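Notes follow once the structure below has been shown.
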Amino acid sequence: MKRAMRALHRDWSWTGVAFEEIIAVSPMGHVLLADTEGTIHYLDPDTRELIRLGGEDQAAQYMGDPEVALVWRAEALAQAARQRLGPPQDGEVYSRTPEALLAGDYAPETLIRLPLAELLSFTGQVACQTQDLPEGTPIQLKATN
């Protein structure tokens, strides 16, 4: 989790949140986090949103919502990924290719396994660069070294 914490500090610092601890990680890379003030946050890599939940009671209420629980577990998606890719290694999660993440494509052939740190890094960088764009604005990926 050290690599994942470094990725959070580096690529999500633009949010102003001082991350302290990763509390839980879903099979598809959604993350519950605590900051240095004890506030709990939900990071959704699919929507590239960091949602401030509040204290433990508010977090439990949020996570208890059936729709949130369905997204967190992502049972059908995780099962399809497990069948196609095998179980994730230590520190890995299932996700989708970068193109599929940006396009909202959930087709089984877009599923990948990757380190949580890489998912957090990619989604944080994209979220930072696209935060002021209107919803639905087309974007183009350009890889640089």
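Odds and ends about this structure:
- Odd one out for Leu119 among (1) of a type in the set (A, V, I, L, M); (2) in contact with a Pro (Cβ under 7 Å, 6 or more places away or on another chain); (3) without any contact (Cβ under 8 Å) to a residue 24 or more places away in the chain: (3)
- Across the stretch 88-104, the number of residues qualifying as of a type in the set (Val, Ile, Thr) and on the phi > 0 side of the Ramachandran plot comes to 0.
- Test: Gln131 is at pLDDT below 90, touching a Lys or Arg at 6+ places or on another chain (Cβ under 9 Å) and surrounded by fewer than 16 Cβ atoms within 10 Å (Cβ to Cβ): yes
- The stretch 86-117, residues that are surrounded by fewer than 14 Cβ atoms within 10 Å (Cβ to Cβ) and either of a type in the set (A, V, I, L, M, F, W, C) or under 13 Å from the mean Cα position of the chain (by Cα) (or both): Ala103, Ala107
- Tally of residues being in contact with a helix residue (DSSP H, G or I) (Cβ under 8 Å, 6 or more places away or on another chain), under 22 Å from Leu8 (Cβ atoms), part of a strand (DSSP E or B) and among the aliphatic types (A, V, I, L, M) across the stretch 99-145: 1
- Condition check for Glu67: closer than 21 Å to Ser121 by Cα and either touching a strand residue (DSSP E or B) at 6+ places or on another chain (Cβ under 8 Å) or in a helix (DSSP H, G or I) (or both): no
- Residues that are of a type in the set (Val, Ile, Thr) and without any contact (Cβ under 8 Å) to a residue 60 or more places away in the chain number at least 1 in the following strands (runs of 3 or more DSSP E) confined to the stretch 1-59: 19-25, 40-44, 49-54.
Here's the yes/no breakdown for (1) at pLDDT 95 or above; (2) touching a His at 6+ places or on another chain (Cβ under 8 Å); (3) buried (at least 18 other Cβ atoms within 10 Å of the Cβ):
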| position | (1), (2), (3) |
| --- | --- |
| Ala7 | yes, no, yes |
| Phe19 | yes, yes, yes |
| Ile23 | yes, no, no |
| Pro27 | yes, no, yes |
| His30 | yes, no, yes |
| Pro45 | no, yes, yes |
| Arg48 | no, no, yes |
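The values are calculated or read from the model by the stated rules, or taken from the named source; none is laboratory data. Quantities reported herein were computed from a predicted structural model and do not represent experimental measurements. So basically every Cβ, Gly included, is an ideal-geometry build from the backbone, and we count neighbours across all protein chains shown.
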